[in-house]
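*Asks:* Take a look at the following structure, please.
None of the figures in this text is laboratory data; all of them are computed from the coordinates on show. Source: prediction; values computed, not measured. All Cβ positions, glycine included, derive from the backbone under ideal geometry; neighbour counts span all protein chains shown.
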Amino acid sequence: MAESKKHGLSLTAKILIGVAILVVLFLIGMIPKIMNNRRLNAQAKTMANSAPIVQAARPRLTAPDSVVLPGNIEAIKETSVQSRTTGYVAKLHVDIGSHVTAGEDLADVESPDVDQQLAQAQAQTSQSQATVGQSVAQTQSLAASVLGSQAEVHHQEAALIQAKAALAGSRSAKEQAESNLMGARARVAQSVHQVEVQRQALSQAQASYNFDLANVRRYAQLLEGGYVAQQDYDQALTTYKNGTSAVTSAKASVESARADQAANEEAVRAAMQAVQAAQASEDSAGANVTAAKSIVSSSIQSLQAARANLGAGQQLVHANIEAVQSNMANSRRYAVLQSFEHIIAPFGGIITARNVDVGSLVSPGTISAADATNTTPSTGLLGIARTDILRIYVNLPQSDYAWAPRGRPVKISIREMPNRSFLGTVHQTSGALDSTTRTLLTEVRIPNPKGELLPGMYAEAEFSPGDEKELRVPSGAIVVDAEGTKVVVVDQTNHIHYRKVTLGRDYGTEAAVLSGLSANETIAGNATDNWTDGQLVQVVQPKQTSTSGQAGQAGQAVKSGKGAQ
């Protein structure tokens, strides 16, 4: 029991000793740190109460640096000469390095198939031309037939008009005969009536005669008996004689009326015969008109058939002419194909590649994608390039795109010719920036009359600014924060002011300022965003050294956000 208690006291003492040691160590570590913090705080208060030191700098107005861009020299024109026909190379007139002119014969290709097809096409053309002559003659004959049919139609139409006129005359004669018949019948009726009237008159005259005869006889008896005077008898006798004359006259009138009736009846019969004759004439004239109409219709049908034949003949002529034109076009096509047997230079230049020999089989082909921009193509018969004028394509940065107006001189340098340079000019630009690289594709053309430059060379194109000037500031004078790009301007009272600017090209130790700053202002070469706008500073003027030395002294990396003082 005692040993256990003794052991427990010893453990407690050890724990207390360990704690004491830890406290001592903590105090040993913390006391220097606390003292250091107090010293730093005191220094910070001292620095906060004093004005910051600003290294003064001046913007520099100078010409922009030239822009040197790499590129490959290309011929102004280059292509792979292809064969337009299938055949065998019969002759080569040029080899690599040969200078040729536009239209010069470079090679000849034999193509028997094309020659045979041309001869066949020419024969077909001659045959179709002969067919056209025959069809034209047939058409002329058909045209004459149409004219004959037209004349026949006119003749038959005239005959129809005559027949219609004859029909009209027959109808008029019939009407006249019918009118005469009606008049004759009226006269017959009148004569019949007159005969009846004369008969009645005869009957009356006969009755008077009979009375007068009886009266004369009675007076004769009375005269013999002396009962009447002689005068009365004479008067009765005179009356009797007058009655006898009246009867005789009446009889004559009746006979005359009957004669008139007979004559009128004869006239009626004659008129009826005339009507019948007129009807027969009308029927004949009508038949003639019908026949004439039929003949005219038949003639018109013949004319229409002749015109249809003429139209068909004309269509045949047109078809034959089209066949001739088709055959002639085919002949021209094969003639053109035959002309392709002569490989000619598309433009003047130098032969840069020869891919065939005499006897090689060639056929029409296309330029491969690899050979489209290759000065020495591996496809086709020959490669040709025009090298009296060369060109180089470069990608001008967006900041310098205004340096490429048409006609501006450009200095071209070749590494293999360190002591020489060549002068080119800006010929054209793409007119739009590449949205990925923000560069402007620019074509520079280089005169090469002596052939000193060769297509495919690597070159550097130097674009100079000309008379342009730009304002540059040290890179340490630039501050970039959430509000944009700024510089710190120091006024005459040594107070600072943050001012927004627009930057141009970055030269590393310097940057071009496009707007927001003038050349006669003083700026802080060691600018930071920890200062306060309008704060008083201590200005340290730069040493009188070269401009590059000033830039080196003030040059700091562009500060973004909270930079170190």
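*Asks:* What is the Cα convex hull volume of the chain when expressed per residue in Å³?
*Replies:* Spread over its residues, the Cα hull of the chain gives 780 Å³ apiece.
*Asks:* Of the options Met182, Ile161, Gln140, report the single residue whose Cα projects farthest towards the positive end of the charge dipole of the range 139-187 (beta-carbon charges: Lys, Arg +1; Asp, Glu -1).
*Replies:* About the Cα centre, the residue reaching furthest to the positive side is Met182.
*Asks:* Using 0.36 nm per residue, how much length does the chain from Ile15 to Arg307 gain when fully extended, once their Cα-Cα distance is taken away?
*Replies:* Extra length from Ile15 to Arg307 when fully extended: 91.1 nm.
*Asks:* Under a 5 Å amide H to amide H cut-off, with H placed in plane at 1.01 Å, what residues pair with Asn530 once short-range neighbours are removed?
*Replies:* For Asn530, whose amide H was placed from the backbone, the distant partners under 5 Å are Gly563.
*Asks:* Quick one: which of Lys411/Lys500; Lys77/Lys450; Lys77/Lys411 span more than 28 angstrom between C-alpha atoms?
*Replies:* Beyond 28 Å between Cα atoms: Lys411/Lys500.
*Asks:* Okay, next question. How far, in nm, would the chain grow between Glu157 and His318 when pulled straight, counting 0.36 nm per residue and subtracting the alpha carbon separation?
*Replies:* 54.6 nm
*Asks:* On to the next question. Would you calculate the volume per residue, in Å³, of the smallest convex hull containing every Cα atom of the range 118-219?
*Replies:* Per residue, the Cα convex hull of the range 118-219 comes to 81 Å³.
*Asks:* Give me Rg/Rg_expected for the range 115-336, where Rg uses Cα atoms only and Rg_expected = 2.2 N^0.38 Å with N residues.
*Replies:* 2.73
*Asks:* Something else about it: So between Asp434 and Gln204, what do we pick up on full extension, going 0.36 nm a residue minus the alpha carbon distance?
*Replies:* Using 0.36 nm per residue and subtracting the Cα-Cα distance, I get 68.0 nm.
*Asks:* Follow-up question, since we're still on this one. In whole Hz, what ³J(HN,Hα) sequence does the range 250-256 give by Karplus (6.51, -1.76, 1.60; θ = phi - 60°), x for Gly and Pro?
*Replies:* 5, 4, 5, 5, 5, 5, 5
*Asks:* I need the phi-derived Karplus couplings for the range 78-88: 6.51 cos²θ - 1.76 cosθ + 1.60, θ = phi - 60°, integer Hz, Gly and Pro marked x.
*Replies:* Result, rounded to whole Hz: 7, 7, 9, 7, 9, 8, 9, 9, 9, x, 10.
*Asks:* Distance in nm between label sites at Ser464 and Val23, each 7 Å beyond Cα in the beta-carbon direction?
*Replies:* Modelled inter-label distance: 8.5 nm.
*Asks:* Using per-residue counts of other Cβ atoms within 10 Å, averaged over each peptide, order 438-444, 211-217 from highest down.
*Replies:* In decreasing order of mean packing, 438-444, 211-217 become 438-444, 211-217.
*Asks:* Given labels modelled 7 Å from the Cα in the Cβ direction, how far is it in nm from Arg217 to Val197?
*Replies:* Using points 7 Å along Cα→Cβ, the separation is 3.4 nm.
*Asks:* Take Ser363, Ser80, Ser281, Ser256 and order them by how many other Cβ atoms sit within 10 Å, fewest up front.
*Replies:* Ser363, Ser256, Ser281, Ser80
*Asks:* Just want to confirm a number: the relative contact order over the range 115-336, from Cα pairs under 8 angstrom separated by 6+ residues, in percent.
*Replies:* 51
*Asks:* Continuing with the same structure: If you plug each phi of the range 226-240 into the Karplus form 6.51 cos²θ - 1.76 cosθ + 1.60 with θ = phi - 60°, what whole-Hz ³J(HN,Hα) values come out, in order, with x for Gly and Pro?
*Replies:* In residue order, the calculated couplings are x, 8, 10, 7, 4, 4, 5, 5, 5, 5, 5, 5, 4, 5, 5 Hz.
*Asks:* List the residues, sorted by chain then number, that are 5 or more residues from Met457 or on another chain and whose placed amide H is less than 5 Å from its amide H.
*Replies:* Amide H neighbours of Met457, under 5 Å, 5+ apart: Ile73.
*Asks:* If you average the sequence gap of Cα pairs under 8 Å that are 6 or more apart and divide by the length of the chain, what percent do you get for the contact order?
*Replies:* Relative contact order comes out at 27 percent.
*Asks:* Using only Cα atoms and rounding to the nearest 10 degrees, what angle (0 to 90) does helix 2-49 make with the longest principal axis of the chain?
*Replies:* Helix 2-49 and the main axis of the chain meet at about 70 degrees.
*Asks:* While we're looking at this one, here's another question. What are the residues whose amide H is under 5 Å from the amide H of Ile389, where those residues sit 5 or more places off or on another chain and H is modelled from the backbone?
*Replies:* Ile76, Asn448
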